[in-house]
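See below for the structure under consideration.
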Amino acid sequence: MTLQEMARLTREAISDSRFRDYKNGIITGFYVQSAMGYIQAIRHFIEIHVRIVNEPEELLVSPLRMLWEIELVGYTSGDCDDIAMLIAAFFGAVGIEARFKAIMKTSEGWYQHVFTEYRLQTHKHMQIWRSCDPSAAAIPVYDSGDFLIENV
């Protein structure tokens, strides 16, 4: 997985008018007055429309492709990197700052898992990043060791 390519595909989705317009449908039924409301609406959408799978071969599925699949059949599937990009793209579309965090480094130097982190600008100088990882229950406890960050 390449975090730079993930960030590029995510920015591409955020700048696409179809993606920005679609995000309005996600918040239907939610009373959204704050960034936290958007986060809850996006998480709910992901829980309903995205299936977490293990890919036998590492392929990046763009957020635009995943959105197309959701529109076509009502759901999409992907592994941790695909889902992280979709979440980050939705966050970016509503103005929430997001980044990717890769963890669980192997002895070969590869990272086994990636997820989205977001930061809300509640206080001017606060730098608190929070994770948004729908697959967290399916993986071991995060190692506080080596990790890699890429901003979207």
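Bear in mind that the values in this text are calculations on the coordinates, not laboratory data. Since the model is a prediction, treat every value here as computed from it, not as a measurement. Every residue, glycine as well, gets a Cβ built from its backbone with ideal geometry; the counts of neighbours run over all protein chains shown.
Results, tabulated for the structure shown:
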read-out: Ranked list, fewest to most other Cβ atoms within 10 Å of each Cβ, for Asp82, Asp133; value: Asp133, Asp82
read-out: Sequence-distant residues sharing a close amide H with Ser77 (under 5 Å, placed H); value: Arg51
read-out: Fully extended contour minus Cα-Cα distance, from Glu97 to Arg43, at 0.36 nm per residue; value: 17.9 nm
read-out: Residues with amide H under 5 Å from that of Ile96, placed H, sequence gap 5 or more; value: none
read-out: Phi to ³J(HN,Hα) by Karplus 6.51 cos²θ - 1.76 cosθ + 1.60 over the range 39-52, Hz, x for Gly, Pro; value: 4, 4, 5, 5, 4, 4, 4, 4, 4, 7, 10, 10, 9, 8
